[in-house]
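The structure under discussion appears below in the form of C-alpha cells.
The values are calculated or read from the model by the stated rules, or taken from the named source; none is laboratory data. Keep in mind that what you see is a predicted model, and the values were worked out from it rather than measured. Cβ: placed from backbone, ideal geometry, glycine included. Neighbour counts: every protein chain shown. To get the accessible areas, we keep the full protein, side chains included, count just its heavy atoms, and leave off ligands, DNA and RNA. Shrake-Rupley method; radii C 1.70, N 1.55, O 1.52, S 1.80 Å.
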Amino acid sequence: MKKLLLATVLLAGITAPALAKDVEYVLRVDGMVCPFCTASSEKSLKTIDGVKAVDSDLDAGTLTVCADDNAGLDNLTLTQLFEETGFEYVSQEKTEGCTIDTEEKE
Amino acid sequence: MRKILLMVSLLFPAAAQAAPQTFNTALPLAKGQGVVRQQFSIGEFESGGTERTELSSLSVIGYGLSKDLAVFGVIPYSDRELNWANGTDRDTSGLGDIRALARYTFWQKRGKGQNMALAAIGGVELPTGENEERDALGLLPPIMQLGSGSFDPFAGLLASYSTLKWQAHAQVLGQDNREADGVERGNMVRFDTSYQHRLYNKGSDAYLYGLIESNLIHVDEVEINGTENPNAGGTRLFLSPAVQYVTQDWILEGGVQIPIAQNMNGTALENDYIASVGFRFNF
C-alpha cells in the first residue's frame, strides 16, 4: 500500500507540469505603433516562466500570449513589464486553450 | 565643412521604433534591451572646380538603462578624397570622432496605436579621430581631418508623435565645438523635422514607410590660430526623401539628402547630395 501511494505521488509529480492547462491572454497595450516596437514587448513577455508564445495585432493594439495557467501574468506584473518597455498595459482577457501558433513563435 | 557632413549624418541614435533616418526620436528604448544601427553613405561636395567625395560608415549601438534613459555610442569611419581645381589630389581615411550620448524621455503619453514623447539628448564628441593628419604635401586642411582633437559637447530636445499610419518627429540640437591644436571648428545648430507615412503593411509583421525629412543646419566659421576663416561654414537646408521597411526584428532603410538651399561662406564647398542605406536590429 505504501509503495502504491509513493508511486502515485511520484507519478503525479512527474505528470503535473505536462498537465498544466494552456491559457490565452489577450493583452490590450497602448503605445505600440510599428512592428519593431512590439519586438521588445514580446521579448520581455517571453522571459516570464510559462509563457509559450506571443503574437501581436497592431491594429487592435493587442498582444496575444499563450501560457501555462500558472504563469503569473497578473495586472501588477504586466503593468511593470510594459512600463519598462515604453508602453502602457491597459487590460487583459483570459480564455482557456491557445489559438496562436506556439511552434512558430517560440 | 567637415562638421556639416558629420552633423547631417551622425546625430541619429537608433531607436526600437520606426524613427527618422537623419536624426533622433524621442521614443524610448526598452529597459535592458538594445539596438544596433549601421549606415553607409556617400556625399559629394563642390565649389569652383574643387570637389570632395566622402564615403562613410556609421555604427550605432544603444542600450536602455531604464524605461526613460538610454545611452548610445556612434562610431564613424570615413574615406575622403579632395580634388583641388588645380589638379592636386589629397585623401585620407580612418576612424572619426566617436560620439557618446544619453537620451532621457521626460514625458510620454500613449494611446491605442499612438505614442507621444518629449526627450532631452546630450553628449560629447570624443577626440578619437586624427586631427593633424598629413600627407606628402603637408598638413591636411581642416575639412579633410577625420577628428577635431577636442571634446565637443552637444545637447538638444526631441519631440515625437507616432500613430499606426504616420509619424512626425522634430529635433533642435546644438554643438559647442572647442579649440584643439590651434583650430576651433565653428559651433553648430540644427533643426530637423520628419514625416513618415505607412505605404504598405503585411498585417502586423511588416510596414513599409515613405519618409520626407528636412534638415536645417548652420555651422559657424572655423577659427585657425584665433583668425576666422571666411571660407568655411555656412547654412544648408536639406530635403530628404527616404524609404524604410520595418519588421519585428530588423529595419532596412535608404534615402537621399538633397540640399535645396545653401548659403555657404566664401568658397566653402557646397553639398551636391548625400545618399545612404542602412539597417537596424534589436538585441
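Descriptive notes on the structure:
- Selection count, the stretch A:64-90, where residues are part of a helix (DSSP H, G or I) and either touching a residue at least 12 places away in the same chain (Cβ under 8 Å) or within 8 Å of chain B (Cβ to nearest Cβ) (or both): 7
- Residues that are within 12 Å of another protein chain (Cβ to nearest Cβ) and touching a residue at least 24 places away in the same chain (Cβ under 8 Å) within the stretch A:47-59 comprise A:54, A:55, A:56, A:58, listed in sequence order.
- Residues within the stretch B:139-156 that are in a strand (DSSP E or B) and either farther than 24 Å from residue B:183 by Cβ or open to solvent by less than 20 Å² (accessible area, probe 1.4 Å) (or both), tallied: 3
- Across the stretch B:168-182, the number of residues qualifying as outside any strand (DSSP E or B), touching a residue at least 40 places away in the same chain (Cβ under 8 Å) and under 17 Å from residue B:154 (Cβ atoms) comes to 1.
- Residue under evaluation residue B:189, criteria (1) open to solvent by 50 Å² or more (accessible area, probe 1.4 Å); (2) among the β-branched types (Val, Ile, Thr); (3) in contact with a Pro (Cβ under 8 Å, 6 or more places away or on another chain), criterion not met: (3)
- Test: residue in the stretch B:187-207 that is outside any strand (DSSP E or B) and within 20 Å of the chain's Cα centre (by Cα): yes
- The stretch B:162-186, residues that are open to solvent by less than 50 Å² (accessible area, probe 1.4 Å) and within 21 Å of the chain's Cα centre (by Cα): B:167, B:168, B:169, B:170, B:171, B:173, B:174, B:175, B:177, B:185, B:186
- Residue ranges of strands (runs of 3 or more DSSP E) in the stretch B:54-133 with at least 1 members more than 24 Å from residue B:146 (Cα to Cα), open to solvent by 40 Å² or more (accessible area, probe 1.4 Å) and among the hydrophobic types (A, V, I, L, M, F, W, C): B:69-83, B:99-111, B:114-125
- Test for residue B:204: is it closer than 26 Å to residue B:121 by Cβ and either out of contact with any helix residue (DSSP H, G or I) (no Cβ under 8 Å at 6 or more places or on another chain) or surrounded by fewer than 22 Cβ atoms within 10 Å (Cβ to Cβ) (or both): no
- Filtered by the rule that a residue be open to solvent by 70 Å² or more (accessible area, probe 1.4 Å), under 12 Å from the mean Cα position of the chain (by Cα) and of a type outside the set (Lys, Arg), the stretch A:45-73 gives A:47, A:49, A:70.
- Tally, over the stretch B:262-273, of residues that are open to solvent by 30 Å² or more (accessible area, probe 1.4 Å) and not in a loop (DSSP other than H, G, I, E, B): 5
- The stretch B:223-243, residues that are of a type outside the set (S, T, N, Q) and open to solvent by less than 20 Å² (accessible area, probe 1.4 Å): B:232, B:233, B:234, B:236, B:238, B:242
- All positions within the stretch B:244-261 that are within 14 Å of chain A (Cβ to nearest Cβ) and either small (Gly, Ala, Ser) or surrounded by fewer than 21 Cβ atoms within 10 Å (Cβ to Cβ) (or both): B:245, B:247, B:248, B:249, B:250, B:252
- So residue B:159, is it open to solvent by 10 Å² or more (accessible area, probe 1.4 Å), assigned to a strand (DSSP E or B) and more than 14 Å from chain A (Cβ to nearest Cβ): yes
- Residues of the stretch A:31-63 satisfying the condition of being of a type in the set (A, V, I, L, M) and outside any loop (DSSP other than H, G, I, E, B): A:39, A:45, A:51, A:53, A:54, A:63
- Selection of the stretch A:91-105 for residues being loosely packed, with under 12 Cβ neighbours inside 10 Å, in contact (Cβ under 8 Å) with a residue 60 or more places away in the chain, outside any loop (DSSP other than H, G, I, E, B) and not polar (S, T, N, Q) yields A:93, A:96.
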